[in-house]
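Just below is one structure, and these are the notes that go with it.
Read-outs throughout are calculated quantities, based only on the coordinates presented, and are distinct from any laboratory measurement. Quick caveat, the model's predicted, so the values are computed rather than measured. Positions of Cβ are generated from backbone atoms using ideal geometry, with glycine treated the same way; all protein chains shown enter the neighbour counts.
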Ligand SMILES: Cc1cc2nc3c(=O)[nH]c(=O)nc-3n(C[C@H](O)[C@H](O)[C@H](O)COP(=O)(O)OP(=O)(O)OC[C@H]3O[C@@H](n4cnc5c(N)ncnc54)[C@H](O)[C@@H]3O)c2cc1C
């Protein structure tokens, strides 16, 4: 067949860009398509922090000399944009009992970065390597024909088909094209989160370089309301709010800023920018490929692989394609790496439900009580949304007998929570 390319990559997020770049470096003929028209106008919400926890996603990243070094996976990505240290993490209860997470000596556990710059620079590298980058182009369907894959594309003026020997789907958490290729059929869809991120100046009472999560019905959401650093300038912060189709983040925002324990913080705040997204929380794909198609990054994950995880997925997917095109079983090798690297692929990952279960499982008064038990201690500095709840609960449960004695109803809930499924915690 004429016009047959080696690889079509769907989606120019960190996973897709890294795939295209690595595949082009290996000499493959690559088309990369992206439905958005530019990276500089990125509207999708993302807190954009590199997570520095040792061993996170089975990697030990270092950021130095304009590069992100993946020391275990043995590759690097250029990044010369701004960085802001995140050194303290605080969990706040409604009456502001605080659980504090930090490394000794204020070593950062995360670094806020400029995602637009990271993606834009990766895209320029792709173009320089000869990748055919097509922005404002949507993949709307396709089929695996056995010896190649046909993908239907749409841009402002045209509807057309591209034929590729292999396809990498890197379309993000909503996994629509992944579904068209039948890969979602055994996945559970737990929930769809609607997220809005407000960039504000003039918020008072928040420590710079800190990541703050506010738990309780007093904040009008089952998910924590989050305030963290921003790259928009001094004295600016990002407020992240998660809701749902029925409990809209806009209405949570109104309530948090006007009618919550945080309202005084917002008395003189001005809105500078706003970003948003809807994120489907599927169970992760244990086998992320079928025939000539592999789905990577958030498209295959339980919620998210994070940006550094997406870069790793892209790097390994490109190597897998290279192997496949040489008649070897690259997709199987990728799958082994995928299963080992991400905590959500482990059988015990449902334990993360403990992190989601604070609200509405516990009343505001109960959260105040639980947090007060840990107040004054500093728990290990970590960003991980898997490790953090574990550290928190381990620390709370050091007081198990006291809880049983003083608050038997809370104790009963704790005992029950360990048997709850993730679906139950999302739906409770
Ligand atoms: C609120 C929020 C906060 C976050 N905070 C952090 C953080 O602090 N640190 C961190 O590392 N990660 C964070 N993440 C997660 C991070 O954004 C993702 O894990 C990461 O971007 C996944 O990369 P990806 O390439 O797999 O998917 P995405 O970044 O979602 O990229 C997918 C791309 O595919 C395009 N696309 C989709 N469908 C099609 C189609 N049919 N045709 C063409 N193009 C298509 C999309 O426009 C998009 O550009 C956060 C996410 C959210 C929602």
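Observations, loosely collected:
- For the stretch 184-201, residues that are surrounded by fewer than 16 Cβ atoms within 10 Å (Cβ to Cβ) and in contact (Cβ under 8 Å) with a residue 12 or more places away in the chain total 3.
- Single condition residue 108 does not satisfy, out of (1) surrounded by fewer than 21 Cβ atoms within 10 Å (Cβ to Cβ); (2) within 23 Å of the chain's Cα centre (by Cα): (1)
- Against the test of being within 13 Å of the ligand (Cβ to nearest atom), within 27 Å of residue 341 (Cα to Cα), surrounded by 14 or more Cβ atoms within 10 Å (Cβ to Cβ) and in contact (Cβ under 8 Å) with a residue 60 or more places away in the chain, the options 101, 113, 75 yield a single qualifying residue, 113.
- Output for the stretch 36-62, where each listed residue is farther than 16 Å from residue 123 by Cβ and surrounded by fewer than 16 Cβ atoms within 10 Å (Cβ to Cβ): 43, 54, 55, 58, 60, 62
- Within the stretch 147-160, considering residues that are in contact with a strand residue (DSSP E or B) (Cβ under 6 Å, 6 or more places away or on another chain) and either within 13 Å of the ligand (Cβ to nearest atom) or touching a residue at least 12 places away in the same chain (Cβ under 8 Å) (or both), the one nearest to residue 253 (Cα to Cα): 154
- Scanning the stretch 29-51 for residues that are under 22 Å from residue 161 (Cβ atoms) and either out of contact with any helix residue (DSSP H, G or I) (no Cβ under 7 Å at 6 or more places or on another chain) or near the ligand (Cβ under 6 Å from one of its atoms) (or both) yields a total of 7.
- Note on the stretch 172-218: among residues that are more than 16 Å from the ligand (Cβ to nearest atom) and assigned to a helix (DSSP H, G or I), the one that is farthest from residue 283 (Cα to Cα) is 218.
- Qualifying residue in the stretch 154-161 (condition: crowded, with 18+ Cβ neighbours inside 10 Å and on the phi < 0 side of the Ramachandran plot): no
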